[in-house]
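Okay, so here's the structure we're looking at.
The values are calculated or read from the model by the stated rules, or taken from the named source; none is laboratory data. All values derive from a computational prediction rather than experimental measurement. Note that each Cβ is placed from the backbone with ideal geometry, even for glycine, and that neighbours are counted across all protein chains shown. What goes into the accessible areas is simple: the full protein's heavy atoms, side chains included, and nothing from ligands, DNA or RNA. Shrake-Rupley method; radii C 1.70, N 1.55, O 1.52, S 1.80 Å.
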Amino acid sequence: MIFNLSDTIAAISSAPGYGRRGIVRLSGPLAIDVTAKCWHDDVCGLSGEEFGQQPTWQAIKGRFEISETVIVPAEAVIFRPPASYTSEMMVELHLPGSQKLLNMVLEKLVSFESVRLAEAGEFTGRAFLNGRIDLTEAESVAEVIHACGDAQLRAAENLMAGMLHKKCSGYSQGLADLLALVEAGIDFCDQEGIEFIDNERLIEGVEQVSGDIDTLLKDSESWQDLHSLARVVLIGPPNAGKSSLVNLLTGLDRSIVCSIAGTTRDVLSAPVKLGLGECLLIDTPGLGDVDDPLGAVSQQRVYEIIREAELVLLLWDPSEVSELGEILHALREAGNVRVLSVANKKDLYSGSQSPDSGLDGLNTDLFISASTGENVDVLLEKMADLLHFGDNYGRAEAVALTARQASALSSSNESLKRLLTELRSGLDEAELIALELREALDHIGSVSGEIASDDVLGRIFSKFCIGK
């Protein structure tokens, strides 16, 4: 999609629905002129020319004329380039939040021949095309809008703050410096005794950038991971108090609580807030001996869910440990699963000492009461730490990569690894080395919308004294 930057565009920029205030936004060369034609100022009596001379970022109180009979109270805010969001002349109209009214104002604005409706994402698109933001920051705008949790919001804010752009700029800088040296050697290949970079230094420089990209790809979350909730499976013997704990953590009566063992027969789930994120807490039927086909099917399904879990909460009653051995066997069969062992019904026991199950391989990580809520806050903290949602976890500073960004970085690294293999095999043809470096640079440049190879020629002349 190519936007025509000579147009003046308009759109409703506030969320759909009714609210106290709604916003209509204009951007383009005639944004102020068009607004002035519809503006009434009964207080200061501003003329159209005087309206356009008002200070930037200052609310101008007045009224907006939709028609001769419909004039509504409004505030206008002028944003001038280059400090506006689009780096163009912009006006925001703040109006009563009726959706019908906002649509009427928008229809009035686009009735002028010089104004058209903005296309989807065009304000952010203009910000990118005008150099106000790069592609990573542009993509972060959409992710901030659609963030469903703290982890997603922080990751999107990190993108908006330019964290990925800074990292990619560092990679581009390193590769462009290497390419400048390689191309300088090509340009002066007829000069005997001049070597701008040797094979060893070239390998070292490529290894550094490739390693940094590997680290970024390894440490970064993907947007898909952030949008999918971590699965926490709650298991334990019948009547261990699993349903009571689910109801307490979710604040909902999702599970039937009964003194009769085995009342939960279905797998139930609900989201639970954890530190900087959320998990999906899955309540399962009690594991143990069953004497009916339906119970056997339910337990088989539980074993499958355990294998898919990021964390398993094993809840058990210290007064009844006869079926824990079978559950531990099921966990071992499930493979490499993180387990948090939680003893329940602390309110029925005196003292603070954690109970001992008497079974090898089962220590008590926490002693709680699902009935009174004792130590449940500690349980949530432990879950958050194990799932890396704690307030101090490095994810808050990590960069989340979209599929496009991860693909571009992976493609760049493939070029670098291919080049390293060739260099270690004795490749010394500068043209082929330069080709691989340019390809890696182009992939990195596509992350932020830059074409890094355009800078190479300038780097050659800025770093070397050609006259020598």
### Task
Can you figure out the FRET efficiency of residue 219 with residue 356, using R₀ = 56 Å and their beta-carbon distance, to the nearest 0.05?
0.90
### Task
Send over a whole-number figure in Å² for the accessible area per residue of the stretch 1-118, probe 1.4 Å.
53
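Out of the GluC sites (Glu not before Pro) in the stretch 60-100, which ones are loop residues according to DSSP with at most 14 other C-beta atoms within 10 Å?
Those satisfying the criteria are 68.
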### Message
Give me the net charge for the shell around residue 414: Cβ to Cβ below 12 angstrom, other residues only, Lys and Arg +1, Asp and Glu -1.
### Response
-1
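What pairs in 167/382; 218/417; 242/382; 166/273; 37/108; 242/345 have C-alpha atoms more than 22 Å from each other?
Beyond 22 Å between Cα atoms: 167/382; 166/273.
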### Task
Step through the residues of the stretch 320-327 one at a time and calculate ³J(HN,Hα) from phi using the Karplus curve (6.51 cos²θ - 1.76 cosθ + 1.60, θ = phi - 60°), rounding each to whole Hz and writing x for Gly and Pro.
9, 10, 5, 9, 5, x, 5, 5
### Per-residue SASA entry for residue 378, accessible area with 1.4 Å probe, Å² rounded to 10
50
### Query
How much length is gained on full extension from residue 50 to residue 273, taking 0.36 nm per residue of separation minus their Cα-Cα distance?
75.0 nm
#### Entry: Calculated over the stretch 57-133: convex hull of Cα atoms, volume per residue (Å³)
106
